[in-house]
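The values are calculated or read from the model by the stated rules, or taken from the named source; none is laboratory data. Keep in mind that this is a model prediction, so the values were computed, not measured. Cβ coordinates were reconstructed from backbone atoms using ideal geometry, including for glycine residues, and neighbour counts include every protein chain displayed.
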Ligand SMILES: Cc1cc2nc3c(=O)[nH]c(=O)nc-3n(C[C@H](O)[C@H](O)[C@H](O)COP(=O)(O)O)c2cc1C
């Protein structure tokens, strides 16, 4: 129990150990000084534009460096050094190094990202009178440096804290700071004459500026969005979101609660605009409905262009593979994941053409995957269990997989994507899809089960039988979507369900790929019927269960080319169609604006 004195005293009383007399508590700062602290934290900006040529006086620079030097450090090792660079020639050489790395980075960006990046300024090395390199000596203080012994990275963290101090002090002095990380660290270290045991932690461009932006430039340009602070705060353990003093929130329940119907005013405005556009009414067919839904989702007409776009390929293995439902060995799942990450799969080729990014999410591949850029490790288990013998996964696992899918959507939207696409990889996942589709739509297994990658008559008969046995065993209740997902899996279906929910909650369109996405979307629709409004059916797969799923959700496929590959290929092919639908609503003139006569009624 906290004991407080009622007597006003200059020192506030704090809680002592239980039963002990209260001890005085040190004062915080007076309100206006506290405000100044929070103000400098809120108004610190990474500055890249609007630098003035005015020199930075030595005393000001000295104060800022002294503030940096007061940073906390592991074991009080103070591993930083500050290299102050003003020479024009040296800055020109450093700028050339950054330019090279910038070009390398730009060359690897997909369509809309590359165009957006082109508009961004990522360094001001020559625009600022002073550059400061902050280094880290990971050996300083010797072997027994307290804390670094167990966590060597804490040396780097300490130097970063010095940067933070410098950045804040600079803001208070009216100095802009821009951090440049477009370097090969060793190249830069050589240019700065660093001994080999020193690392460059930060390269900062410092100078007076005409103004500080209200928001990060990457936010105002739409490159990325600020994540709400509540996403980052967990109570007691990771995953249990809770703001201090408030109840913990169930993340999935929160996502579902955020899913609302289309904005009716934006829908009406989009319909009206379609009817006034310089074309016969209705002549864009299904694309008119796509554009109207995009507007209703965004809550504005015209809607923003659905770009940048990112396809998330959710991968998982299936215990039902043991039933001989496919001729492909299970290892192919992991091998194809490696292929996606190396850029060698069909989805990579299509995504390159459409200007979309490919991200791979390991939801439950039955192999250890090396950490590489582009892979999100979200493994719930090493493959599901065989659903003919028991549930494919536990309810907790199904719930965790759905939540993980929603988080992936959230993260990709925060990273600046305005259109999400589903992809999948999982040998035997058409069998699980058929079972899920039967469970949600009450379809006959003989109608919903397809030939997947291409199977002979005997395998097909076995596959239908497997689906029948699964349904008979689990007696799924479509009103319990988590139970249905747990019964049949896979991890990638559950994640796709969450991905759809996450996109719908953030009112970002999600283009569905084929039968696996259809089965996952059915689960999402059962959890939140309005989520379907955020879904666009990329294509109709050759798998018969897919059409059943789409009909059930009232979705019309945009492409029908007999594809049966998965990976996200059909969704990516439809991306330009969805983008064109938005583009038409944005760019096409109306009869009035273009002075074109409308048809006589
Ligand atoms: C470790 C680190 C490296 C960064 N590298 C760059 C960079 O190379 N180029 C750039 O323009 N901004 C860089 N930034 C700035 C970030 O883009 C910026 O901090 C972020 O968008 C948030 O904006 P704010 O600092 O104005 O709040 C870097 C920031 C940090 C913390």
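Points to keep in mind about this one:
- Within the stretch 178-191, residues that are closer than 11 Å to residue 202 by Cβ have Cβ atoms under 7 Å from residues that are within 13 Å of the ligand (Cβ to nearest atom) and part of a helix (DSSP H, G or I) in these pairs: 180/98; 183/97; 183/98; 183/101; 188/94; 188/97, counting only partners at least 6 apart in sequence or on another chain.
- Hits in the stretch 22-40 - residues which are in contact with a helix residue (DSSP H, G or I) (Cβ under 7 Å, 6 or more places away or on another chain) and in a helix (DSSP H, G or I): 40
- Residues in the stretch 215-231 that are under 30 Å from residue 49 (Cβ atoms) and in contact with a strand residue (DSSP E or B) (Cβ under 9 Å, 6 or more places away or on another chain): 216, 217, 218, 231.
- Under the condition of being farther than 22 Å from residue 261 by Cα, part of a helix (DSSP H, G or I) and without any contact (Cβ under 8 Å) to a residue 40 or more places away in the chain, the residues counted in the stretch 547-584 number 1.
- Of the residues contained in the stretch 308-319, one or more are found to be out of contact with any strand residue (DSSP E or B) (no Cβ under 6 Å at 6 or more places or on another chain) and more than 30 Å from residue 383 (Cα to Cα).
- Which listed residue, of 191, 199, is under 29 Å from residue 85 (Cβ atoms), touching a helix residue (DSSP H, G or I) at 6+ places or on another chain (Cβ under 9 Å) and away from the ligand (no atom under 15 Å from the Cβ): 191
- Subset of the stretch 154-179 (residues that are within 26 Å of the chain's Cα centre (by Cα), surrounded by fewer than 24 Cβ atoms within 10 Å (Cβ to Cβ) and either closer than 18 Å to residue 131 by Cβ or near the ligand (Cβ under 10 Å from one of its atoms) (or both)): 160, 164, 179
- Residue among 155, 96, 112, 106 that alone is at pLDDT below 95 and on the phi < 0 side of the Ramachandran plot: 112
- Residues (within 21 Å of residue 175 (Cα to Cα), touching a helix residue (DSSP H, G or I) at 6+ places or on another chain (Cβ under 9 Å) and crowded, with 17+ Cβ neighbours inside 10 Å) located in the stretch 106-134: 122, 123, 125, 128, 130, 131, 132, 133, 134
- Subset of the stretch 208-230 [more than 15 Å from the ligand (Cβ to nearest atom) and surrounded by 15 or more Cβ atoms within 10 Å (Cβ to Cβ)]: 208
- Residue check, residue 294 over 23 Å from the mean Cα position of the chain (by Cα) and either touching a residue at least 40 places away in the same chain (Cβ under 8 Å) or outside any loop (DSSP other than H, G, I, E, B) (or both): no
- Subset of the stretch 446-462 [in a helix (DSSP H, G or I) and under 25 Å from residue 524 (Cα atoms)]: 446, 447, 448
- Conditions (1) touching a helix residue (DSSP H, G or I) at 6+ places or on another chain (Cβ under 9 Å); (2) in a helix (DSSP H, G or I); number of the one not met by residue 261: (2)
- Failed criterion for residue 30 (all others in (1) within 16 Å of the ligand (Cβ to nearest atom); (2) surrounded by fewer than 17 Cβ atoms within 10 Å (Cβ to Cβ) hold): (1)
- Every pair of residues 6+ apart whose Cβ atoms lie under 6 Å, when the first sits in the stretch 37-51 and is at negative phi while the second is more than 12 Å from the ligand (Cβ to nearest atom) and assigned to a helix (DSSP H, G or I): 40/172
- Selection within the stretch 391-416 - farther than 30 Å from residue 307 by Cβ and free of Cβ contacts under 8 Å to residues at least 60 places away in the same chain: 396, 400
- Residues located in the stretch 266-280, provided they are without any contact (Cβ under 8 Å) to a residue 24 or more places away in the chain and surrounded by fewer than 16 Cβ atoms within 10 Å (Cβ to Cβ): 268, 272, 275
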